[in-house]
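Shown next, in structure tokens, is the structure this report addresses.
The values are calculated or read from the model by the stated rules, or taken from the named source; none is laboratory data. Predicted model only: the values in this text are computed from it and were never measured. Note: ideal-geometry Cβ built from the backbone for every residue, glycine included; neighbour counts use all protein chains shown. Keep in mind that these areas ignore ligands, DNA and RNA; they rest on the heavy atoms of the full protein, side chains included. Shrake-Rupley method; radii C 1.70, N 1.55, O 1.52, S 1.80 Å.
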Amino acid sequence: MGIVFAVISGKGGVGKTTTSANLAIGTAIEGKKTVVVDFDIGQRNLDMILGLENRVVYDITNVMDGDATLSQALIKDKRQENLYFLAASQTKDKSVLDREKVKKLIDQLKEEFDYIFLDSPAGIEGGFEHTILYADNVIVVVNPEVSSIRDADRVIGLVDAKSHKAKEGERVGKFLVITRIDPDLIEKGEMISTEDILDILSINLLGKVPEDKRVIDASNTGKPVILHESSPAGEAYSRIAKRLCGIDVPFVDVESPEVRGFLQKITGLFK
Amino acid sequence: MQVKQYSVKVFEVTIENEEEFLAFARKNSLLLKRYLLLLKGDVTPTIEAFLEEEEIAFTHNLSLQPPNDKPQHFTKQSGLRIIDQLVRSGQEIIEKRDLLVLKRVNSGATVHTDGNFIALSSIDGHIECNGDFMLLKPSSKASIIFNGVDISEAMDEEIFYKIRLENNEILISKYAKDIQWA
């Protein structure tokens with residue numbers, strides 16, 4: 001039976017899709033049979049970030065409506081042996097999602113895969129609710145910035161109130177990934193520190209991802225940062241993926257400018 | 001001219017027997033001195049003399065109407081509600097009783113209580129308390145309404161404050177730099 005991770009944030013543009021793509025690749029590299037599903041119906045972009053946009057024939061709506069089988073719609077990644085992708089529909093909107101159909105799809109995925117990542121749309125409406133409905137765990141993505149933290153706080157509250165597991169009295173695992181950490185701004189006190197974010201949200205820290213210009217380039221070229229050599233963000237995602245696979249990886253300080261410089265020097269040696 | 005309004009507690013006693021009343025009044029004279037006695041029935045000169053001697057205020061022509069609906073302080077349910085969870089953004093807690101909140105009240109969360117309010121962690125959200133007492137540590141983001149008055153501005157440090165309502169006055173004092181609970 002596979003484990004379902006919903007990647008959520010509340011606020012848009014904090015790095016949900018980047019996180020979904022990179023963690024899916026990371027767990028696939030670790031040997032887990034992984035699928036990443038784009039739940040952002042009507043506004044898909046996970047296909048572009050993964051570099052699979054020209055391979056999409058059938059999407060999630062086709063599968064849920066019975067127009068295509070799951071195996072027809074799943075796209076096998078050309079780089080990673082264990083990675084599959086299920087695209088969102090670009091032409092429909094979020095109202096096509098329906099409880100029963102979502103449950104059926106997730107049950108099917110859980111039979112075939114070890115790790116299932118669901119990339120949630122921003123906001124707290126129907127699309128988000130369907131993403132968290134049957135999740136075993138949620139990965140909450142935040143930026144060290146007040147509005148992102150407040151929106152994350154809101155979605156964590158909604159997971160506790162609305163997810164199927166929580167309603168059955170079971171615990172939904174909640175993990176925090178802080179992205180776009182800028183050491184210079186943290187040093188100046190213009191970004192909220194990890195300790196303060198953890199204090200406010202009080203869920204487990206899964207990882208910290210530093211700001212990295214390569215993320216934008218990676219989206220444009222369809223090669224996620226985890227596949228880049230010497231990308232601090234890519235290395236951070238790789239550590240997080242290992243943690244998800246049960247490997248004990250110590251937390252790395254991505255907040256101090258000196259340490260970042262030191263890391264760059266080390267990675268420079270291997271170029 | 002100066003007009004003041006007071007609330008007075010009144011003991012209503014119906015006298016059936018002079019001896020019995022005098023025995024009761026002698027026994028409780030210390031207590032009765034603090035209240036106004038409303039006497040019903042036959043107030044004999046002996047009773048009047050005794051009460052005057054003991055300096056117990058009394059009257060026998062006061063018409064008191066029992067309130068039709070229950071007075072306000074009785075509508076509050078007694079007891080304490082304890083919240084041992086983070087109050088997250090978008091959550092709203094409405095309580096008639098006293099409230100003890102152990103974890104944070106985050107930005108975007110609302111807590112409303114008709115009783116007293118005590119919070120042991122930082123407050124970033126919105127608090128409305130209609131009780132007589134609050135103990136809390138508001139951050140600069142918090143908005144605190146105590147008995148209809150916005151007192152957020154009065155607490156500019158992120159420390160514990162004690163807020164009391166006494167004689168229709170709101171008294172705000174710093175409680176301690178930080179409370180060590182453990």
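Structural remarks
- Any hit, segment B:67-78, residues being open to solvent by 100 Å² or more (accessible area, probe 1.4 Å) and modelled with pLDDT of 85 or more: no
- The residues of segment B:32-45 that are open to solvent by 70 Å² or more (accessible area, probe 1.4 Å) and not in a strand (DSSP E or B), listed by number, are B:Lys33, B:Arg34, B:Asp42, B:Pro45.
- A single member of B:Glu153, B:Glu128, B:Glu158 is assigned to a loop (DSSP other than H, G, I, E, B) and open to solvent by 30 Å² or more (accessible area, probe 1.4 Å), and it is B:Glu158.
- Only residues that are touching a strand residue (DSSP E or B) at 6+ places or on another chain (Cβ under 7 Å) and within 14 Å of chain B (Cβ to nearest Cβ) were counted in segment A:122-133, giving 1.
- Unique match (being open to solvent by 10 Å² or more (accessible area, probe 1.4 Å) and in contact with a strand residue (DSSP E or B) (Cβ under 6 Å, 6 or more places away or on another chain)) among A:Asp136, A:Asp93, A:Asp119, A:Asp67: A:Asp136
- Any hit, segment B:96-109, residues being of a type in the set (Ser, Thr, Tyr), open to solvent by 80 Å² or more (accessible area, probe 1.4 Å) and within 14 Å of chain A (Cβ to nearest Cβ): no
- For segment B:46-65, the set of residues classified as open to solvent by 50 Å² or more (accessible area, probe 1.4 Å) and assigned to a helix (DSSP H, G or I) consists of B:Thr46, B:Glu48, B:Ala49, B:Glu52, B:Glu53, listed by residue number.
- Test result for A:Val142, open to solvent by 60 Å² or more (accessible area, probe 1.4 Å) and either of a type in the set (S, T, N, Q) or within 13 Å of chain B (Cβ to nearest Cβ) (or both): no
- In this structure, A:Ile149 qualifies as modelled with pLDDT of 95 or more and within 17 Å of the chain's Cα centre (by Cα).
- Segment A:147-193 - residue that is among the acidic types (Asp, Glu) and within 12 Å of chain B (Cβ to nearest Cβ) and, of those, surrounded by the most Cβ atoms within 10 Å (Cβ to Cβ): A:Asp153
- Selection status of A:Val209, more than 25 Å from B:Arg88 (Cα to Cα), among the hydrophobic types (A, V, I, L, M, F, W, C) and open to solvent by less than 70 Å² (accessible area, probe 1.4 Å): no
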